[in-house]
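Reading through the structure tokens given below for one structure.
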Amino acid sequence: METVLKIFRGDGTAGAFRDYTVPLQPGMVVLDAVHWVQAHQASDLACRWNCKAGRCGSCSAEVNGKPRLMCMTRMDHFPPGEAITLAPMKAFPVLKDLVCDVSWNYGVNRRIPAFRPRPPEPDGTWRMQQDDIDRVQEFRKCIECFLCQDVCHVLRDHDRKDQFAGPRFLVRLAGLEMHPLDAASRTAHLKEEAGIGFCNITKCCTEVCPESIHITDNAIIPLKERVVDDFYDPLRRLWRRLRGTS
Amino acid sequence: MVAVPDELRRTGFAATERRDAWWVAPLLQGTVLAVLITYANWAALQNANYRWGGYLSPLYSPLITISWLPLPPSLLILLPPVLFRATCYYYRKAYYRSYFLDPPACAVGELRGNRYRGETAFPLVLQNLHRYLFYITFLYLPFLWSDVVHATSFGGSFGVGIGTLVILANTTALTLYSFSCHSARHLIGGSLDCFSCSAGARARHAAWKGASVLNARHMLFAWVSFFTVCSADLYVRLVASGVIHDIRLL
């Protein structure tokens, strides 16, 4: 059994899809097929990968138009005899073939206000209960594959990278904002710099997350509600003014 | 714009490399939603056949009649529930995808515009007031449950008809829809950072966990409750107009 991979070859200025015929093996994943192409037909094919186990988040690409990890996408997932299209993530500049420049994300990450612990208890330690951190542990599962960033239409179609941090960093902000020991408020950052209002909660980020993080329901919407608490809720604003805490 | 060659930059509405039937879900969702909205609007404007015995259509509950006002009573009470659904986080996803096509599906080209502002500017910034509509529609629930009690009254004696069950199912679905709301989940306990820091926080944590279980099914409750509202109205309407007869079970 063989199949055809249509792989994008090129860089940020020009490129084309080229066909490669690959023999199928039981249990084969798309990344195996790409490695077979590198080994036998195109040794200059660029592809970023590391763990081949869905843990490192390196091999993100668009397989038949859907953002996926190549190492977690089995070849038998696709109808036999049908060519499989492989393209780099479209929300980021292409460096070569399947490799994108995702460095914009690291800049966004650096601008997030850091963890600021509340004062320690009298014995100089901090304590927290499992119930307090269950919620934020979900956000720590993120492997930074940036598939959510790639599929988010605000970044992908509207190219609002100057105004919107994207779902990955809203997840990170949620992990900090809901942390039981953190004393900083990031709602102003969420509203202004991270641009949470640009998200119109169409849930594509949740659909593509390989770690099954409930990005929209557990991170973005709760953060939107916290922004409402601080900036949009007129009764809370009045209450803060009456208490002199605004 | 990012440096992506023309070969990859498929632009324009519905441009995608996807090969699955990505258009089925938004089309089906948009069609069903349009049918339900059309029916609810039609029924709300009828101003007749919304009551039979102890049965009252949910589109007219709580029933407020003002003799000098030439409007159907439904129009006096429907605005908050309509806005509650219109600003609901689930329905937002549904209509942004099906009607605004923004985007129609994941990784599918949309009607591109450089003026995209999401929910940062008027009028969509008003979506942020969803919690107020939750507060208001929450007040409707006691009336809806009292409708269930009234639906067990047949000429002063207790009874259960098909209509009783239809109204009970609708009120249950609306209650689950309300309590599974994302804003409710936040207000109940989601706004806390520390769940173990006080007895009050521990109680709110328990409530938040329950709300989270319901919240995971919010989409289901959103659809089911819209169906049950229209079904309950239709049932009462058909019985009241004599098209069908209610069957007494008890």
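Points to keep in mind about this one:
- For region B:108-157, a residue qualifies if it is over 24 Å from the mean Cα position of the chain (by Cα), in contact (Cβ under 8 Å) with a residue 12 or more places away in the chain and not in a loop (DSSP other than H, G, I, E, B), and the qualifying residues are B:Ser153, B:Phe154.
- Number of positions in region B:204-246 that are surrounded by fewer than 21 Cβ atoms within 10 Å (Cβ to Cβ) and either modelled with pLDDT under 95 or of a type in the set (S, T, N, Q) (or both): 3
- Test: residue in region B:16-29 that is buried (at least 17 other Cβ atoms within 10 Å of the Cβ), at pLDDT 95 or above, more than 14 Å from every other protein chain (Cβ to nearest Cβ) and in a helix (DSSP H, G or I): no
- Test result for B:Pro81, assigned to a helix (DSSP H, G or I), away from chain A (no Cβ under 14 Å) and without any contact (Cβ under 8 Å) to a residue 60 or more places away in the chain: yes
- When region B:158-201 is filtered for residues that are buried (at least 16 other Cβ atoms within 10 Å of the Cβ), assigned to a helix (DSSP H, G or I) and within 14 Å of chain A (Cβ to nearest Cβ), the ones remaining, listed by number, are B:His182, B:Ser183, B:Ala184, B:Arg185, B:His186, B:Leu187, B:Ile188, B:Gly189, B:Gly190, B:Ala201.
- In region B:45-68, the residues that are of a type in the set (Phe, Trp, Tyr) and surrounded by 17 or more Cβ atoms within 10 Å (Cβ to Cβ): B:Tyr50, B:Trp52, B:Tyr55, B:Tyr60
- Region A:204-223, residues that are among the hydroxyl-bearing types (Ser, Thr, Tyr) and either facing chain B (nearest Cβ under 9 Å) or closer than 19 Å to A:Leu176 by Cβ (or both): A:Thr216
- Output for region A:46-65, where each listed residue is over 14 Å from the mean Cα position of the chain (by Cα) and open to solvent by 10 Å² or more (accessible area, probe 1.4 Å): A:Ala46, A:Cys47, A:Arg48, A:Trp49, A:Asn50, A:Cys51, A:Lys52, A:Ala53, A:Asn64
- Residue tally, condition outside any loop (DSSP other than H, G, I, E, B), in contact with a Cys (Cβ under 9 Å, 6 or more places away or on another chain) and over 17 Å from A:Lys6 (Cα atoms), over region A:95-137: 1
- Considering region A:38-90, the qualifying strands (runs of 3 or more DSSP E), each wholly inside and each with 1 or more residues that are more than 11 Å from chain B (Cβ to nearest Cβ), run over A:60-63, A:66-69.
- Filter pass, B:Leu250 being touching a residue at least 60 places away in the same chain (Cβ under 8 Å) and either crowded, with 21+ Cβ neighbours inside 10 Å or not in a helix (DSSP H, G or I) (or both): yes
The values are calculated or read from the model by the stated rules, or taken from the named source; none is laboratory data. Keep in mind it's a predicted model, so treat the numbers as computed, not measured. With ideal geometry, Cβ positions are generated from the backbone for all residues, glycine too; neighbour counts draw on all protein chains shown. These area figures cover heavy atoms from the full protein model, side chains too; ligands, DNA and RNA do not enter into them. Shrake-Rupley method; radii C 1.70, N 1.55, O 1.52, S 1.80 Å.
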